[in-house]
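Colleague: One structure coming up, written as structure tokens, with questions to follow.
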Amino acid sequence: MSINSETPSAEAVDNSFWAFIREAIRGSQRDFTKGPIGIAIFLLAVPMILEMSMESLFAVVDIFFVAKLGADSVAIVGLTESVMALIYAVAFGFAISATATVARRTGEGDSKGAAKSAAHVIYCGVIVSLVISAIGIVFAPQILTLLGAKPHILEEGSLFMRIMVGGNAVVLFIFLLNAIFRGAGDAAIAMRVLILANGLNMILSPCFIFGVAFFPELGVAGAAVGTTIGRGVGVLYAAWCLFRFGGRIHVDRESWRFDPALLWKLIKLSSTGVFQLLVATASWTALMPIMAGFGEVAIAGYVIALRVVMFALLPALGLSNAAATMVGQNLGAGKPERAEAAVWKAASFNALFYFAIGLIFLFFSHEIISIFTQEPEVLSYGTSALHIIAYGFAFYGLGMVLETAFNGAGDTWTPTYLNLLVFWIFEIPLAYALAYRFEMGPAGVFWAITLAFSLLAVASGLLFKRGKWKLKTV
């Protein structure tokens, strides 16, 4: 993606590449509904990519330390992550409504409306996080049993799950508040929030896992404690930025005035977004019992490979979120063609970049997985998973941008229908059939994942070209 892909403004001509980098990281005050599209995407994408890179770095650092405790500990993390994926779905669902509504109001020049939407999204988050906490704390052992956990890991696994799911508010609000900043075009603050939160995570998690210095040695539960504390600090910083004066968005006392009509509108949009992400992420949960049939070592290899995939793909969410912000703000400004051009530009760059990453994973999967484990069976399963999933990387990069663009326009139903069709009607039955009927074992699950995400990208591209998302109001 070239930041000079269009005729630059006079201001852009006077700036060097590094000046753009500094502006992006410091926080740009530009109007993203005007000027060269390449520069706008660049200024939004740089902090968002750095933000997601910190999230992906933490994912692999965390599993690196947990893997030192053995396959059982990795399996505990993997089983809990399949539940946390549902919480991430809820968080992303509400984040979709936050980004779409705040971006649309910002594009319309309605700063008070943007702040009021942000406040009412927070109302929703408080209620949902309390309900999820209660369920996770009370029913952790039963949930793990349903997921196929063996009796010998239930006690330690239940503690880990109770900490992670019970403290879900820090996950929910770090995504919600950052989505508000992204919608307003203040991606630099969202970047700082995750750098702070995940920086603390990476310091605190090994300290609590191994009992470094004065920290208690908590084993695998220490990873949950470090994550919850780190993200909690990130949420406090994000809240301070949202409530202080001087930013692109400021939530003041008037913003909290309860508006039932606005709350209901946000709930409807969020519920569709939550359902969309639940459909997608619950499919990962549904795959876990299929993998569990091959034992803890298969789960461990699968989990390590998925963390590596997450490490590679999360930065793509940064570019996807930049495209979503461009869609929301430009639709608000009455410029749908500019919104569409921004999405195709971002999607093309993402597909090309992840084609290159896929080649690296294809040829070096064994060496990459061996960084995290030397247990022969775990290494074998992990290598197989990474090798097979890498075939679809170019499609993943393309599809992530296109799906997020629909959401940026407030069209949450199109990705929902696609997720239902691709993951539940296609992927899960295919994974079971390949793994057991055709006796491919865990490799059958890995091939199902690759084929499903590739199909999703192609279908998203065809529907995006139809352009019905341009007519969506939020």
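Colleague: What residue, among those in region 361-370 that are in contact (Cβ under 8 Å) with a residue 24 or more places away in the chain and not hydroxyl-bearing (Ser, Thr, Tyr), is surrounded by the most Cβ atoms within 10 Å (Cβ to Cβ)? First the steps, then the outcome.
Modeller: Restricting attention to region 361-370, the residues satisfying the condition of being in contact (Cβ under 8 Å) with a residue 24 or more places away in the chain are 361-362, 365, 368-369.
Keeping just the survivors that are not hydroxyl-bearing (Ser, Thr, Tyr) gives 361-362, 368-369.
Details: 361: 22, 362: 15, 368: 21, 369: 25.
Ranking the candidates gives 369 first.
Here's the yes/no breakdown for (1) of a type in the set (Gly, Ala, Ser); (2) at negative phi; (3) modelled with pLDDT under 90:
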position	(1), (2), (3)
297	no, yes, yes
304	no, yes, yes
307	no, yes, yes
338	no, yes, no
358	yes, yes, no
371	no, yes, yes
396	no, yes, yes
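Colleague: Given (1) among the polar types (S, T, N, Q); (2) in contact with a Ser or Thr (Cβ under 9 Å, 6 or more places away or on another chain); (3) touching a residue at least 24 places away in the same chain (Cβ under 8 Å); (4) farther than 16 Å from residue 457 by Cα, identify the lone condition not met by residue 380.
Modeller: If we test residue 380 against (1) among the polar types (S, T, N, Q); (2) in contact with a Ser or Thr (Cβ under 9 Å, 6 or more places away or on another chain); (3) touching a residue at least 24 places away in the same chain (Cβ under 8 Å); (4) farther than 16 Å from residue 457 by Cα, just (2) comes out false.
Colleague: Related question: Going through region 420-466 one residue at a time, which ones are closer than 16 Å to residue 401 by Cβ and touching a residue at least 12 places away in the same chain (Cβ under 8 Å)?
Modeller: Of all residues in region 420-466, those closer than 16 Å to residue 401 by Cβ come to 453-454, 456-465.
Residues satisfying the conditions are 453, 454, 456, 457, 458, 459, 460, 461, 463, 464.
Colleague: Let me ask you something else. Residues to consider are 231, 257; find the one that is crowded, with 20+ Cβ neighbours inside 10 Å and either more than 21 Å from residue 74 (Cβ to Cβ) or at pLDDT 85 or above (or both). Write out each step before concluding.
Modeller: Numbers: 257 fails: crowded, with 20+ Cβ neighbours inside 10 Å.
Only one candidate qualifies: 231.
Colleague: Yes or no: region 351-370 includes at least one residue that is hydroxyl-bearing (Ser, Thr, Tyr) and under 21 Å from residue 67 (Cβ atoms). Don't jump to the end; show me each part of the working.
Modeller: As a first pass, look at region 351-370 and keep what is hydroxyl-bearing (Ser, Thr, Tyr): 354, 365, 370.
If we keep only those that are under 21 Å from residue 67 (Cβ atoms) as well, we get 365, 370.
Within region 351-370, one or more residues are hydroxyl-bearing (Ser, Thr, Tyr) and under 21 Å from residue 67 (Cβ atoms).
Colleague: Filter region 230-260 for residues that are among the basic types (Lys, Arg) and within 16 Å of residue 186 (Cα to Cα) and give the result.
Modeller: Listed by number, the residues that qualify are 244, 248.
Colleague: Please go through region 179-204 and give me each residue that is surrounded by 24 or more Cβ atoms within 10 Å (Cβ to Cβ) and not hydrophobic (A, V, I, L, M, F, W, C), ordered by number.
Modeller: 182, 183, 185, 186, 198, 201
Colleague: Which is at pLDDT below 85 and not charged (D, E, K, R), of 323, 292? Give the steps one after another, and end with the answer.
Modeller: Details: 323 fails: at pLDDT below 85.
Residue meeting the stated conditions: 292.
Colleague: Another question, then. Would you say residue 312 is surrounded by 18 or more Cβ atoms within 10 Å (Cβ to Cβ) and closer than 27 Å to residue 368 by Cα?
Modeller: Details: surrounded by 18 or more Cβ atoms within 10 Å (Cβ to Cβ): yes; closer than 27 Å to residue 368 by Cα: yes.
Here the answer is yes, as residue 312 does meet what is asked.
Colleague: Give me the pairs: first residue in region 108-121 and over 15 Å from residue 96 (Cα atoms), second residue among the basic types (Lys, Arg), beta-carbon distance under 8 Å, and six or more apart or on different chains, which are they?
Modeller: Close Cβ pairs (under 8 Å, with a partner that is among the basic types (Lys, Arg)) amount to 111/105; 113/105; 116/257.
Colleague: State yes or no: is residue 247 within 30 Å of residue 74 (Cα to Cα), among the small types (Gly, Ala, Ser) and in contact with a helix residue (DSSP H, G or I) (Cβ under 8 Å, 6 or more places away or on another chain)?
Modeller: Working: within 30 Å of residue 74 (Cα to Cα): no; among the small types (Gly, Ala, Ser): yes; in contact with a helix residue (DSSP H, G or I) (Cβ under 8 Å, 6 or more places away or on another chain): yes.
Taking the combined requirement at face value, the residue does not satisfy it.
Colleague: Only one of (1) assigned to a loop (DSSP other than H, G, I, E, B); (2) without any contact (Cβ under 8 Å) to a residue 12 or more places away in the chain is not met by residue 373, so which one is it?
Modeller: (2)
Colleague: With the requirement that a residue be out of contact with any Phe, Trp or Tyr (no Cβ under 9 Å at 6 or more places or on another chain) and not basic (Lys, Arg), what does region 429-442 give you?
Modeller: 429, 432, 433, 436, 438, 439
Colleague: Among the candidates 467, 410, single out the residue that is crowded, with 24+ Cβ neighbours inside 10 Å and at pLDDT below 90. It would help to see each step written out before you state the result.
Modeller: Working: 467 fails: crowded, with 24+ Cβ neighbours inside 10 Å.
So the residue among 467, 410 that is crowded, with 24+ Cβ neighbours inside 10 Å and at pLDDT below 90 is 410.
Colleague: Filter region 385-394 down to residues that are under 20 Å from the mean Cα position of the chain (by Cα) and surrounded by 22 or more Cβ atoms within 10 Å (Cβ to Cβ), then give me how many there are. Reasoning before the result, please.
Modeller: Within region 385-394, the subset under 20 Å from the mean Cα position of the chain (by Cα) is 386, 389-390, 392-394.
Cutting the leftovers down to surrounded by 22 or more Cβ atoms within 10 Å (Cβ to Cβ) gives us 386, 389-390, 392-393.
Looking only at that region, the number is 5.
Colleague: With respect to the numbered conditions (1) at pLDDT below 85; (2) at negative phi, which one is the sole condition not fulfilled by residue 246?
Modeller: Answer for residue 246: the failing condition is (2).
Colleague: Looking at 382, 358, 301, which one is under 30 Å from residue 179 (Cα atoms) and either of a type in the set (Gly, Ala, Ser) or buried (at least 19 other Cβ atoms within 10 Å of the Cβ) (or both)? Steps first, please.
Modeller: Values: 382 fails: under 30 Å from residue 179 (Cα atoms); 301 fails: under 30 Å from residue 179 (Cα atoms).
Of 382, 358, 301, the one residue that is under 30 Å from residue 179 (Cα atoms) and either of a type in the set (Gly, Ala, Ser) or buried (at least 19 other Cβ atoms within 10 Å of the Cβ) (or both) is 358.
The values are calculated or read from the model by the stated rules, or taken from the named source; none is laboratory data. Note that this is a predicted model, so its numbers are computed, not measured. For neighbour counting, all protein chains shown are included, and Cβ atoms are generated from backbone atoms with ideal geometry for every residue, glycine included.
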